[in-house]
1. In the stretch A:37-65, what residues are in contact (Cβ under 8 Å) with a residue 40 or more places away in the chain and touching a Pro at 6+ places or on another chain (Cβ under 6 Å)?
2. For the stretch A:14-31, name all the residues that are within 15 Å of DNA strand B (Cβ to nearest atom), surrounded by fewer than 20 Cβ atoms within 10 Å (Cβ to Cβ) and touching a residue at least 60 places away in the same chain (Cβ under 8 Å).
3. Among the numbered conditions (1) on the phi > 0 side of the Ramachandran plot; (2) crowded, with 22+ Cβ neighbours inside 10 Å; (3) among the hydrophobic types (A, V, I, L, M, F, W, C), tell me where A:ALA64 comes up short.
4. Which one is farthest from DNA strand B (Cβ to nearest atom) among residues in the stretch A:1-13 that are touching a Gly at 6+ places or on another chain (Cβ under 9 Å) and assigned to a strand (DSSP E or B)?
5. Checking the condition touching a residue at least 60 places away in the same chain (Cβ under 8 Å) and out of contact with any His (no Cβ under 9 Å at 6 or more places or on another chain), which residue from A:VAL68, A:VAL80 passes?
6. Given A:PRO196, A:PRO153, which one is more than 18 Å from A:LYS118 (Cα to Cα), over 19 Å from the mean Cα position of the chain (by Cα), not in a helix (DSSP H, G or I) and not hydroxyl-bearing (Ser, Thr, Tyr)?
Amino acid sequence: MPRLKIATWNVNSIRQRLGHVRDWLQAEQPDVLALQEIKCQTADFPAAEFEALGYHCAVDGQRAYNGVALLSRLSPVDVVSGLTDFTDEQKRVLAASYDGVRVFDLYVPNGQSVGADKYAYKLRWLEALRETLRTALARHDRIAVVGDFNIAPEDRDVHDPDAWRGQVLCSDAERERLQALLALGFVDVFRRFEQPENSFSWWDYRAAAFRRNRGLRIDLVLASPALAAACTASGIDRAPRAREQPSDHAPVWARFG
DNA sequence: ATGGCTACGATCCGTAGA
C-alpha cells in the first residue's frame with residue numbers, strides 16, 4: 001500500500017481560485033487533489049501553473065459550468081471521464097489510477113430543489129454512479145471516491161437539521177442513494193476518526209454563514225474496504241475558506257498507508 | 001424578512017449554485 005494523501009476541493013472557478021489552490025498545494029503537499037467546478041474548458045485549465053509545482057493534471061472541463069480535474073504527484077494511469085452507460089453533457093466525473101489506487105473525482109448534481117427536473121436528474125445520476133462503482137469494485141481493490149457529493153449524509157452534518165429537513169441536499173431520497181453507495185462497502189472515512197462537533201465543508205456566501213459556522217458537510221472521501229483499512233487520518237481544512245475571495249467549499253483530505 | 005453572495009457569459013440582467 002503506497003502512502004497517499006488524497007484531497008478534494010470544490011474551487012468554484014479555477015481561474016478565480018488559482019492563488020488559493022497553489023498556496024494550498026505548497027502548504028499541504030497532497031499526493032492527489034481532486035477539483036470540482038473548475039468552470040473552464042479543458043484547454044483553458046492552468047495546467048502549466050501546477051506542473052511548475054510538480055503536479056500532473058488530468059482535466060475534463062466545459063465552458064462556464066461544472067468541470068473536474070485531478071492534480072497528482074504521480075502520473076495518472078487509465079484516465080476515464082464520465083459514468084458508464086449514462087450519457088451526460090455535463091462534465092462531472094473523472095477517474096484515474098495512481099500506484100494501484102483508483103480515484104474517482106465527482107461533482108454530484110446539486111438538484112436545485114426537491115421535485116425539480118434537476119432533482120430527478122440528480123437521483124438518476126446517483127443510480128448510474130452506483131452501477132459505475134459496483135463495476136469498479138470488481139476490478140480494483142483500492143478505490144477512493146472523492147468530491148462534492150451535494151448530500152449531507154446525516155443530521156449531524158447539518159448546522160440546522162430542522163430547517164434543512166426534507167430540503168435538497170438533505171432529503172431522504174438523496175440520503176438513501178448515498179447509503180446505497182456505502183452498502184457497496186465504501187466508508188465515509190471522515191467519521192472513522194474523532195472530529196470536532198459541527199464539522200462542515202460548505203458555507204453559503206450569504207448572511208455571514210462561515211463566521212457563524214452555519215454550514216453543511218457535503219464534500220466526502222469514500223474508501224473501498226481495502227483502502228479504508230489503510231486510512232490513518234482525515235480532516236477538513238477551514239483555513240482557505242477564511243481567506244479573501246474564497247471558494248464556498250473547504251478542502252477535505254484523508255491519509256492512507 | 002424566503003433574502004442575503006459569487007461566478008459565469010451575456011451585458012448592466014439572467015442562470016446557477018447549495
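The values are calculated or read from the model by the stated rules, or taken from the named source; none is laboratory data. For clarity, every value in this text was computed on a predicted model and none was experimentally measured. Cβ atoms come from the backbone with ideal geometry, glycine included; neighbour counts cover every protein chain shown.
1. So in the stretch A:37-65, the residues in contact (Cβ under 8 Å) with a residue 40 or more places away in the chain come out as A:37.
Selection gives nothing.
2. In the first step, residues of the stretch A:14-31 are kept if they are within 15 Å of DNA strand B (Cβ to nearest atom); the result is A:14-21.
In the following step, the residues that additionally are surrounded by fewer than 20 Cβ atoms within 10 Å (Cβ to Cβ) were identified as A:15-16, A:18-19.
Scanning the stretch A:14-31 gives a single hit, A:GLN16.
3. Of (1) on the phi > 0 side of the Ramachandran plot; (2) crowded, with 22+ Cβ neighbours inside 10 Å; (3) among the hydrophobic types (A, V, I, L, M, F, W, C), only one is false for A:ALA64: (2).
4. Among those that are touching a Gly at 6+ places or on another chain (Cβ under 9 Å) and assigned to a strand (DSSP E or B), it is A:LEU4.
5. On the way: A:VAL80 fails: touching a residue at least 60 places away in the same chain (Cβ under 8 Å).
The unique qualifying residue is A:VAL68.
6. Details: A:PRO153 fails: over 19 Å from the mean Cα position of the chain (by Cα).
The match here is A:PRO196.
Rundown of residues vs (1) within 13 Å of DNA strand B (Cβ to nearest atom); (2) more than 25 Å from A:ALA242 (Cβ to Cβ); (3) surrounded by 13 or more Cβ atoms within 10 Å (Cβ to Cβ), yes/no style:
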residue: A:ASP148; (1), (2), (3): yes, no, yes
residue: A:VAL168; (1), (2), (3): yes, yes, yes
residue: A:ALA180; (1), (2), (3): no, yes, yes
residue: A:PHE186; (1), (2), (3): no, yes, yes
residue: A:PRO196; (1), (2), (3): no, no, no
residue: A:TRP203; (1), (2), (3): yes, no, yes
residue: A:ALA207; (1), (2), (3): yes, no, no
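Every residue, every condition in (1) part of a strand (DSSP E or B); (2) farther than 23 Å from A:LEU126 by Cβ, yes or no:
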{"position": "A:GLY54", "(1), (2)": "no, yes"}
{"position": "A:ASN66", "(1), (2)": "no, no"}
{"position": "A:ALA69", "(1), (2)": "yes, no"}
{"position": "A:ASP78", "(1), (2)": "yes, yes"}
{"position": "A:ASP85", "(1), (2)": "no, no"}
{"position": "A:LYS91", "(1), (2)": "no, no"}
{"position": "A:ASP105", "(1), (2)": "yes, no"}
